[in-house]
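First the structure, in the form of structure tokens, and then the observations on it.
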Amino acid sequence: MASSYSTDLKLELMVTGENSGTWGDKTNTNLNLLQQAIAGYEAISIAGGAQTTALAMTDATISNARNAVIKLTGTITGNQIVTIPNGIEKTYIISNGTTGAFTVEFKTVSGTGVTFATDDKGVKLLFSDGTDVVDTQLGVTTDPAGSDTEIQFNNAGAFGASSNLTWDGTNVQVGATGEVRFADTDNSNYIGLKAAGTVSSNQTFVLPTADGAADEFLKTDGSGNLSFSAVSGGTSWQAVKTTGFTAVAGEGYFCDTSSGAFTATLPATPTLGDEVTLVDYAGTFDTNNLTVGRNSENIQGSAADLTVSIERAGLTLVYSGSTYGWLLKDK
């Protein structure tokens with residue numbers, strides 16, 4: 001009686017008394033096939049437009065559908081289908097290593113399968129039951145402490161038995177004023193963030209796209225958009241100025257006109273509450289005037305520069321908006 005072949009891995013099943021003199025070679029072939037099924041890896045290109053790529057598993061032959069790990073590669077320009085023969089019962093680790101925003105489906109020839117989304121270039125642990133290919137969803141696990149808390153990393157749903165942590169496919173929500181906790185290196189302590197006890201309406205805060213400068217803080221525009229800003233209030237005093245310059249909001253300047261008059265130009269595109277302070281350093285504003293350049297904004301409601309001609313004058317201008325512009329706060 002001739003040998004037959006197993007259904008799943010196509011191993012040669014030898015009959016007692018058969019294959020005299022070749023039994024060892026056939027056994028070694030079977031062992032190699034088992035090794036391929038248990039630990040085999042192969043990268044298979046499926047590059048190209050929409051198509052079906054058929055993987056094969058033939059009797060007593062090394063074939064790509066028998067591999068334990070299969071990496072699909074290549075640049076794809078259309079949705080792909082990769083098939084394995086019907087009737088095979090086997091587990092697979094499939095890595096979608098393709099480039100291109102198209103789906104890749106892994107299935108049996110006649111049954112259903114599992115699809116990698118257009119942006120899913122990950123790895124899936126799958127099994128074929130002989131009819132269909134099924135996703136094991138290995139991300140679903142039970143808490144070893146026996147609390148029935150489950151974590152799942154599939155398309156959407158609840159992360160826990162109490163549904164206190166949910167995911168709708170885009171957003172993760174922590175319910176009932178629960179905290180998002182960031183643990184330290186040994187998990188002994190953490191920093192937590194949580195919502196207030198009662199919130200009248202939904203509120204989302206959008207973080208800045210880049211870091212701010214040193215000593216700046218996060219502020220909101222009233223619509224949930226956060227940005228970094230310098231601390232207002234207080235004056236950052238600068239070195240003595242002896243020639244013309246452009247002022248910066250929040251700064252104070254000692255102006256020395258003893259060598260000649262010059263202009264201190266106010267900041268461009270100021271915002272409400274910006275302040276600039278100017279002081280007569282050498283007591284010479286009366287002989288060599290200081291001009292305060294308006295930089296396209298009004299000063300005291302007038303579209304004209306301000307001339308300071310009083311000895312030992314000191315003044316602070318605060319920006320009030322486009323109508324009246326810079327107003328004298330102190331003089």
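The values are calculated or read from the model by the stated rules, or taken from the named source; none is laboratory data. Keep in mind that what you see is a predicted model, and the values were worked out from it rather than measured. Heads up, the Cβs are rebuilt from the backbone with ideal geometry, glycines too, and the neighbour counts pull from every protein chain shown.
Selection of strands (runs of 3 or more DSSP E) fully inside the range 38-122 by the criterion of at least 1 residues being among the aromatic types (Phe, Trp, Tyr) and on the phi < 0 side of the Ramachandran plot returns 41-45, 89-96, 104-108, 113-116. Within the option set 187, 155, 171, being modelled with pLDDT under 90, surrounded by fewer than 12 Cβ atoms within 10 Å (Cβ to Cβ) and closer than 30 Å to residue 40 by Cα holds for one residue only, 155. Taken together, 178, 160 contain a single residue that is part of a loop (DSSP other than H, G, I, E, B), at pLDDT 70 or above and small (Gly, Ala, Ser), which is 178. Of everything in the range 302-318, what is touching a Gly at 6+ places or on another chain (Cβ under 7 Å) and either at pLDDT below 95 or not in a loop (DSSP other than H, G, I, E, B) (or both)? Give them in sequence order. Result: 318, single match.
When the range 307-331 is filtered for residues that are hydrophobic (A, V, I, L, M, F, W, C) and farther than 15 Å from residue 275 by Cβ, the ones remaining, listed by number, are 308, 310, 313. Kindly check whether there is at least one residue in the range 113-121 that is among the β-branched types (Val, Ile, Thr), loosely packed, with under 15 Cβ neighbours inside 10 Å, in the same structural domain as residue 31 (by TED's automatic domain parsing) and more than 11 Å from residue 133 (Cα to Cα). Yes: one or more hits. Here residue 48 passes the criteria (1) surrounded by fewer than 17 Cβ atoms within 10 Å (Cβ to Cβ); (2) within 27 Å of the chain's Cα centre (by Cα) except the one numbered (2).
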